[in-house]
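Structure, as structure tokens:
We did not get these values from a lab; they are worked out from the coordinates using the rules stated. If you're wondering where the values come from, they're calculated on a predicted model, not measured in any experiment. Cβ placement follows ideal geometry from the backbone for every residue including glycine, while neighbour counts extend to all protein chains displayed.
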Amino acid sequence: MYISMSYILMVLIPGLVMSGLASLMVKAAFSKYSQVATRRGYTGAQAAQILLDGAGISDVQVVPTHGYLSDHYNPVTKTLALSEAVYASNSVAAIGVACHEAGHAIQHARMYAPLWLRSALVPAVGIGSYASNSLLFLGFALQMRPLLMLGIIAFSTIVLFQLVTLPVEFNASRRAKALCVSSGIISEDEQVGVNRVLNAAALTYVAAFASSLLTLLHLLIQAGVLGGRREE
């Protein structure tokens with residue numbers, strides 16, 4: 001079975017620490033800068049619309065959605081959904097999040113390659129997520145290396161998806177940081193808060209990828225693909 005003491009020490013504990021710290025940093029940054037209103041007073045919805053208009057994008061609708069930091073851009077429906085704490089807020093944090101999501105819409109319109117690659121990987125990731133646990137369990141339980149390797153390959157699609165997600169998220173944040181100032185939404189001195197919120201958010205994607213990569217490395221070690229003997 002691949003859930004072992006080495007899994008706990010190599011994967012579970014580091015993963016929990018990384019994701020926990022990243023989550024705390026996001027909540028701290030968002031909470032702090034949610035209390036800081038921008039001088040020009042644009043709401044998150046208005047800021048996103050300004051960036052969409054500036055990019056010549058007229059077929060994306062900015063809509064409110066429920067949930068804490070549930071903001072997202074849906075390329076299928078072409079909707080840019082902003083959470084309640086962002087949509088109608090004129091805080092520095094809200095502007096950062098809204099402009100980040102608008103950055104994804106701009107990526108989609110500009111056919112940004114990593115975004116399209118990530119979208120193309122979605123079906124494979126769905127299959128991999130569904131199949132990997134069963135294949136890994138059976139592979140270890142029955143001592144069947146072919147099943148184990150199939151499970152590792154299936155899990156690898158998740159790691160690849162998270163890897164491709166990194167440039168997508170980093171690029172959207174870079175666009176947001178630059179455009180929210182150049183579009184006149186915030187002043188340059190307010191950009192510090194936007195940067196801190198978006199940098200903290202980026203760490204959650206780094207932590208997710210690192211945790212999955214550690215899991216993959218552990219599986220490869222257990223399967224004897226990397227150095228060391230497999231644990232029974």
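Numbers at a glance
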| read-out | value |
| --- | --- |
| Rounded to 5, the percent of DSSP beta bridges in the chain classed as antiparallel | 45 percent |
| Between segment 110-155 and segment 170-222, the Cα center-to-center distance that results, in Å | 25 Å |
| Label zone at Leu12 (point 7 Å along Cα-to-Cβ), backbone N below 14 Å, segment 115-141 | none |
| Helical segments meeting 18 Å axial Cα length and Kyte-Doolittle 0.5 threshold in the chain (DSSP H) | 13-34, 92-109, 113-141, 145-182, 191-222 |
| Given charges at Cβ of Lys, Arg, Asp, Glu: the chain dipole, positive-most of Leu69, Leu214, Met111 | Leu214 |
| Sorted by Cβ density within 10 Å, fewest first, the residues Lys177, Lys27 | Lys27, Lys177 |
| Options (1) -0.45, -0.96, -1.12; (2) -0.36, -1.01, -1.27; (3) -0.62, -1.25, -1.25 - which one matches log10 I(q)/I(0) by the Debye sum over Cα atoms at q = 0.09, 0.15, 0.17 Å⁻¹ as calculated here | (1) |
| Segment 5-222, dipole about Cα centre (Lys/Arg Cβ +1, Asp/Glu Cβ -1), debye to the nearest 20 | 260 debye |
| Residue exposure sequence - Leu82, Leu69 - by fewest surrounding Cβ within 10 Å | Leu69, Leu82 |
| Residue order, fewest to most surrounding Cβ atoms within 10 angstrom, among Met5, Met144, Met25 | Met5, Met144, Met25 |
| Computed FRET value (nearest 0.05) for Ala131 with Glu84, which takes r as the C-beta separation and R₀ as 41 Å | 0.65 |
| Under 30 Å from the Cα of Lys78 - lysines, other chains or at least 8 residues apart | Lys27, Lys177 |
